[in-house]
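Beneath this line is the structure, given in structure tokens, with notes to follow.
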Amino acid sequence: MKIEQLVGFSEVIDWEGESQIEIAKVTHDSRQATKNSLFVAVPGFNTDGHLFIKDAVARGAAAVVIENENYISKEYTWILVPNARIALADFSCAVYSFPGNKMKLIGVTGTNGKTTTVNLIEAVLENAGHKTGLIGTIHSRLGEEIIPVSHTTPESSDLQLLFLTFVEKGADYAVMEVSSHALDLQRVRGVEFDIAVFTNLTQDHLDYHGNMENYLATKGRLFGGLGKNSQKRNRKFAVINADDQYAERIIEMTSVPVITYGIKNEADVTAKDVSIKAEGAEFTLCYTDRVLPVKLKLAGLFNVYNSLAAIAVGLIEGVPIEKIIKVLQDIPGIPGRFEKVEAGQDFTVIVDYSHTPDSLENCLKTAREFVKGRVITVYGCGGDRDRGKRPLMGEVAGRLSDYSIVTSDNPRGENPQDIIDEILPGVEKYAEAGAFRVIVNRREAIRYAVNMAKAGDVIIIAGKGHESYQIIGSTVLPFDDREEAKAALRDRNNKA
């Protein structure tokens with residue numbers, strides 16, 4: 001697409017340079033700039049993209065998008081815009097010919113459950129014969145091809161290029177996690193979703209959003225946008241967790257048909273007679289006049305909810321219910337989501353991504369459903385993130401654990417001990433005397449839990465899940481809770 005055509009796809013204050021330049025690629029990363037690429041200088045949280053314009057041009061960028069007029073120059077073709085993030089999304093959609101409009105798009109948002117729900121929906125659609133791209137926290141994937149990710153929802157230029165890759169490889173669906181940051185930072189601007197799923201809303205990211213009302217309003221944009229300025233003929237739907245306290249508020253934000261799911265409240269797709277066991281969850285599925293048994297290998301009440309969301313999406317898309325149930329029952333688990341670590345021990349070790357008070361509570365309540373001995377919890381809180389949830393995490397662990405070990409998570413730019421000090425008032429409020437311990441080093445904390453465990457105990461290692469790193473300061477170090485737990489179990493077994 002030529003520059004003179006491209007400038008018509010977003011709000012532009014002014015531009016100057018070569019009008020006939022053909023743009024084939026859009027990027028916000030100067031290191032990815034190549035010949036015939038458009039570099040968009042996005043002001044970030046840690047640095048400013050305008051500082052990398054010369055690097056992008058040196059690498060071959062044909063033009064640059066700026067929102068700071070101080071970077072107007074005769075040395076390159078420039079486009080001045082009021083908002084670089086909006087321009088990044090608009091120009092990416094245009095250059096890549098709106099690839100999202102050539103597939104059905106399903107977006108899943110909520111504080112907890114996004115990753116599992118997206119994986120379950122993908123499995124249902126794939127099993128029904130649809131080639132489905134997946135975009136999520138763990139990775140993006142199309143078939144067997146894995147694409148690493150750096151954000152839950154990629155930046156708009158990366159997202160549109162990913163959509164284009166999916167389309168070129170024959171995908172007819174894409175299912176993706178949609179984070180509140182992505183909605184606020186325009187990463188999904190120009191993306192026309194056909195189905196939006198709401199899992200839940202609990203305290204998280206208040207360091208960014210400020211309060212729950214702002215957090216809710218940001219999530220609500222996904223549902224408010226359904227069916228607006230539609231370029232596709234597909235009918236739109238919202239799938240809502242009826243048991244969440246914000247369900248009615250979300251429903252009020254959308255103008256499309258709503259399908260609800262739940263366990264406690266009246267809903268279109270309901271689970272009754274729920275039974276939670278170590279080896280999975282069982283329930284009776286009820287919708288319209290159908291009553292069907294479901295036996296999951298996924299444990300936890302939260303996975304019943306995630307499965308109900310996937311069932312609702314499958315039904316909307318015309319997948320026979322028998323096929324939906326079969327594929328859900330065959331799924332062994334999702335990496336880092338209530339994932340068991342086995343080494344022949346007579347107690348249970350589970351690694352889970354739970355890093356909010358609500359997700360940790362759900363995780364520990366699930367463990368209490370089947371534990372025969374004690375629940376031992378290893379957990380912490382990330383640095384440079386919502387500080388308000390730290391004592392709440394401590395309260396949950398103190399209340400629902402028989403013994404808890406407070407440790408470091410991803411401290412980032414904070415002192416790990418300072419983070420722990422903000423957790424301790426919560427755990428001290430509920431834990432019995434001597435029922436918790438502070439071990440700052442996460443590796444040592446995991447080993448301590450493994451070595452103290454007895455037959456029938458359940459160890460929950462919470463917070464990092466699938467992550468294979470630990471961020472200390474600005475350094476990213478290799479660290480995987482699952483591998484650390486395996487190593488600790490091997491050492492224990494060798495000593496025995």
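The values are calculated or read from the model by the stated rules, or taken from the named source; none is laboratory data. Here the structure is a predicted model, which is why all the values come from computation and not from measurement. Cβ coordinates were reconstructed from backbone atoms using ideal geometry, including for glycine residues, and neighbour counts include every protein chain displayed.
When we screen ALA89, ALA63 for residues that are touching a strand residue (DSSP E or B) at 6+ places or on another chain (Cβ under 6 Å), buried (at least 21 other Cβ atoms within 10 Å of the Cβ) and not polar (S, T, N, Q), the only hit is ALA63. Could you check how many residues of segment 1-57 are among the β-branched types (Val, Ile, Thr), over 17 Å from ASP90 (Cα atoms) and assigned to a loop (DSSP other than H, G, I, E, B)? Residues in segment 1-57 being among the β-branched types (Val, Ile, Thr), over 17 Å from ASP90 (Cα atoms) and assigned to a loop (DSSP other than H, G, I, E, B): 3 in total. Within segment 58-67, the set of residues being closer than 15 Å to ALA87 by Cβ and not in a loop (DSSP other than H, G, I, E, B) comprises ALA63, VAL64, VAL65, ILE66.
Quick check on my filter: what residues within segment 4-39 are in contact with a Gly (Cβ under 7 Å, 6 or more places away or on another chain) and of a type in the set (A, V, I, L, M)?
Within segment 4-39, ALA33 is the sole residue that qualifies.
The numbered conditions (1) within 25 Å of LYS486 (Cα to Cα); (2) touching a Leu at 6+ places or on another chain (Cβ under 7 Å) are all true for PRO332 except (2).
On the stretch given as segment 324-381, residues that are more than 23 Å from the chain's Cα centre (by Cα), among the basic types (Lys, Arg) and closer than 15 Å to LEU301 by Cα total 1. In segment 356-384, which residues are more than 23 Å from GLU432 (Cα to Cα) and either surrounded by 22 or more Cβ atoms within 10 Å (Cβ to Cβ) or not acidic (Asp, Glu) (or both)? Correct list: GLY382, GLY383. Counting only residues that are of a type outside the set (Gly, Ala, Ser), touching a residue at least 60 places away in the same chain (Cβ under 8 Å) and surrounded by fewer than 16 Cβ atoms within 10 Å (Cβ to Cβ), how many does segment 336-353 have? Total meeting the criteria: 1. Can you say whether ARG490 is at pLDDT 95 or above, among the basic types (Lys, Arg), surrounded by 20 or more Cβ atoms within 10 Å (Cβ to Cβ) and in a helix (DSSP H, G or I), as far as the supplied structure shows? So ARG490 does not fit the description; no.
Within segment 438-453, residues that are under 25 Å from LYS372 (Cα atoms) sit with their Cβ atoms under 6 Å from residues that are small (Gly, Ala, Ser), at 6+ positions apart or across chains, in these pairs: ILE446/ALA485; ILE446/ALA488; ARG447/ALA488; VAL450/ALA488.
Filtering GLY398, GLY426 for residues that are in a helix (DSSP H, G or I), surrounded by 22 or more Cβ atoms within 10 Å (Cβ to Cβ), out of contact with any Asp or Glu (no Cβ under 6 Å at 6 or more places or on another chain) and not aliphatic (A, V, I, L, M) leaves a single hit, GLY398.
Residues in segment 74-88 that are over 12 Å from LEU38 (Cα atoms), in contact (Cβ under 8 Å) with a residue 12 or more places away in the chain and either in a loop (DSSP other than H, G, I, E, B) or under 24 Å from the mean Cα position of the chain (by Cα) (or both): GLU75, VAL81, PRO82, ASN83, ARG85, ILE86. For segment 160-218, taking the residues that are touching a Leu at 6+ places or on another chain (Cβ under 8 Å) and surrounded by fewer than 18 Cβ atoms within 10 Å (Cβ to Cβ), the one that is modelled with the lowest pLDDT is identified as GLN203.
Checking the condition β-branched (Val, Ile, Thr) and without any contact (Cβ under 8 Å) to a residue 12 or more places away in the chain, which residue from THR47, THR34, THR27 passes? Exactly one residue qualifies, and that residue is THR47. LYS102 meets all of the listed conditions (1) surrounded by 23 or more Cβ atoms within 10 Å (Cβ to Cβ); (2) in contact with a helix residue (DSSP H, G or I) (Cβ under 8 Å, 6 or more places away or on another chain); (3) not aliphatic (A, V, I, L, M) but one, namely (1). When segment 18-27 is limited to residues that are modelled with pLDDT of 95 or more and crowded, with 16+ Cβ neighbours inside 10 Å, the one that is farthest from MET1 (Cα to Cα) turns out to be THR27. Among the residues making up segment 35-59, a single one is surrounded by fewer than 20 Cβ atoms within 10 Å (Cβ to Cβ), modelled with pLDDT of 95 or more and of a type in the set (Val, Ile, Thr): VAL57. Here SER73 meets the list (1) surrounded by fewer than 16 Cβ atoms within 10 Å (Cβ to Cβ); (2) under 30 Å from PRO357 (Cα atoms) almost entirely, failing just condition (2). Consider segment 464-487 and keep the residues that are basic (Lys, Arg) and in a helix (DSSP H, G or I). The one that is nearest to GLN345 (Cα to Cα) is LYS486.
Every listed requirement among (1) assigned to a loop (DSSP other than H, G, I, E, B); (2) surrounded by 21 or more Cβ atoms within 10 Å (Cβ to Cβ); (3) modelled with pLDDT of 90 or more is met by PHE223 save one, (1). Among the strands (runs of 3 or more DSSP E) confined to segment 231-321, the ones with at least 3 residues that are modelled with pLDDT of 95 or more and surrounded by 17 or more Cβ atoms within 10 Å (Cβ to Cβ) are located at 237-241, 258-262, 269-277, 280-287.
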